[in-house]
There are 2 protein chains.
Amino acid sequence: MANIFCTREIPRSGIRLLEQAGHQVTVNTTSSLSQQQLLKEVKNCQALLTMLSDTIDAEFLEQCSHLKIISQFAVGYNNIDVACAKSHGIVVTNTPDVLTEATAELAFSLLLCVARKLLPASANASAGKWTGWEPLGFLGKSLHKSTVGIIGAGRIGCEFARMCKGAFHSDILYYSRSKKSTFEQLYGATQLQLKELVSQSDVLSIHCPLNSETAHLFNESLFAHVKDGAILINTARGEIIDQDALLKVLESNKLFGAGLDVTSPEPLPPDHKLYTFDNVVITPHIGSATLKAREEMSLLACTNIVNVLEGTLPLTPVTV
Amino acid sequence: MANIFCTREIPRSGIRLLEQAGHQVTVNTTSSLSQQQLLKEVKNCQALLTMLSDTIDAEFLEQCSHLKIISQFAVGYNNIDVACAKSHGIVVTNTPDVLTEATAELAFSLLLCVARKLLPASANASAGKWTGWEPLGFLGKSLHKSTVGIIGAGRIGCEFARMCKGAFHSDILYYSRSKKSTFEQLYGATQLQLKELVSQSDVLSIHCPLNSETAHLFNESLFAHVKDGAILINTARGEIIDQDALLKVLESNKLFGAGLDVTSPEPLPPDHKLYTFDNVVITPHIGSATLKAREEMSLLACTNIVNVLEGTLPLTPVTV
């Protein structure tokens, strides 16, 4: 029997799995936990289940080297110093695949919501400003045969491209370190340099991980190449966009709009200027928020813990 | 040269076409026009370009029998007594096809917006209630492999089904007076009786015209058969749904949510109970509101006028 600490409430199915394996699980039921409190809780634990919002850095790991596994409840793990964890002999796992569909669908939802001005249109109706049928009101952007540029052609990016191709007969461009032959064959996708891609795309959707190469990838110099009237979607990590540069581009009316499920910082303070644009939709990092995805994430994150505690291989280890 | 009255401002391209054909065009630039004012304006006109919001009934037509054509700037024409117009020798035209894509895309946008709770999620962020990443917040409904029921398998319904099939690999069911063999072959669609269709569908989307057979088609007795957790989309006409019955169903939490681009009446008064549900998205009848569709509607509606005034056939006459 091991002690396991879970930093937030997650769907019960995973917790039940841990308990059925004979482990003792403590779940934090508050919405925030200081680093000090977390350290205290983890003291007698062998396994830790973390969220993106938990900072698992070298200093933290130094004091928790007794942990056997850190199971991250997300696909990204930029909040964890994985190399350092490894040096302490701690296995790190994540939850890839099970949230691919949900995250790609969220990017797709944001795209359509921005293209058809659903937020300002619905606000107009509920505020009593709907006076009649307007031949020139809330004119949106058709996505039929649009050119879609994917930044990062991993699982989520490819699924987003597949949906755009299927629904809108889109032409697919992609930017990636490596050539994706299957993706090219399946969807007629074309690999391009980033500047070329942004200059040709009606829709830009970011799906790459955050690392030193992708931080502020969308900066002032790249935005200068973006096609007029393009829609920018980010469901990856806020830091991939230089937000000051984005604000400038929005002020210049170059973009049709933007859909951001991730920002820098998170939460984005309510007085942030990004909220003032009615062509920008901001959601509170809900990419993987479907009932189905979160259930599957819960089962996968907890199976990883059970496996490592039993001395077998985790299903989805993070390797560095 | 003829005099033409246009009841609202529309994209300039069509007006230019009329002027280039040598006609005198008067465009109403206010947002409302009383029946009395309209009658006065039309007195010396040979052609009238109308919106859905204009009531062209027997009484009106009695006083305007001198008109040669009423060109409706919409695909639906339930605001016009077409049989009566015909009896006065007035040609009625509409704008089919050119708004198919835009309207189907709007239905699709509303579906995704409801499925992923974009309105309450974005309101949460902008109101400063976003406190961190929430493992159990704003859990949406995945549409992957969902069963989609189309009510009315005309152009718009078929295009909506095509998008759902393409993006989500959906199974397509449809309710229609006639069998649609091409639709069945292309998308593996299955024709069903309405009660059976609503009991099997995760998504219901209304795309039939409003007439005596479809008015209040969605009433309390039909809602009783709707699958738990379904999403209902209406981009056709508000009167196809009995709104009191819809309110009851929403109060019982049977539906995951609803997306309504059309209501009864329009505009829907801001104190209407439908606005109080955070799983209902209401837009102010913007189905055909894309730049592209409205441009094409303008050109088609005005070409119909030019043709009839020149004594040739209109491109898209309404027949009864």
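The values are calculated or read from the model by the stated rules, or taken from the named source; none is laboratory data. Source: prediction; values computed, not measured. We place every Cβ from the backbone using ideal geometry, glycine too, and count neighbours over all the protein chains shown.
General remarks:
- Helices (runs of 4 or more DSSP H) completely within the range B:220-320 that count 1 or more residues being over 14 Å from the mean Cα position of the chain (by Cα), among the aromatic types (Phe, Trp, Tyr) and buried (at least 16 other Cβ atoms within 10 Å of the Cβ): B:220-223
- Filter result for residue B:263 (without any contact (Cβ under 8 Å) to a residue 40 or more places away in the chain and under 20 Å from residue B:205 (Cβ atoms)): yes
- Extreme residue, surrounded by the fewest Cβ atoms within 10 Å (Cβ to Cβ), among residues of the range A:19-46 that are out of contact with any helix residue (DSSP H, G or I) (no Cβ under 9 Å at 6 or more places or on another chain), under 13 Å from residue A:1 (Cβ atoms) and not polar (S, T, N, Q): A:22
- Test: residue A:249 is free of Cβ contacts under 8 Å to residues at least 60 places away in the same chain and under 28 Å from residue A:143 (Cα atoms): yes
- With respect to the conditions (1) touching a residue at least 12 places away in the same chain (Cβ under 8 Å); (2) closer than 19 Å to residue A:246 by Cα, residue A:213 lacks only one, and its number is (1).
- Residue in the range B:175-188 that is assigned to a helix (DSSP H, G or I), out of contact with any Lys or Arg (no Cβ under 8 Å at 6 or more places or on another chain) and within 14 Å of chain A (Cβ to nearest Cβ) present: no
- Unmet requirement for residue B:75, which otherwise passes all of (1) outside any loop (DSSP other than H, G, I, E, B); (2) closer than 22 Å to residue B:318 by Cβ; (3) within 14 Å of another protein chain (Cβ to nearest Cβ): (1)
- Boolean, residue A:177 is among the basic types (Lys, Arg) and in contact (Cβ under 8 Å) with a residue 60 or more places away in the chain: no
- Checking the range A:63-71 against the condition returns no match, with no residue being within 7 Å of chain B (Cβ to nearest Cβ), over 22 Å from residue A:175 (Cβ atoms) and either at pLDDT 95 or above or surrounded by fewer than 24 Cβ atoms within 10 Å (Cβ to Cβ) (or both).
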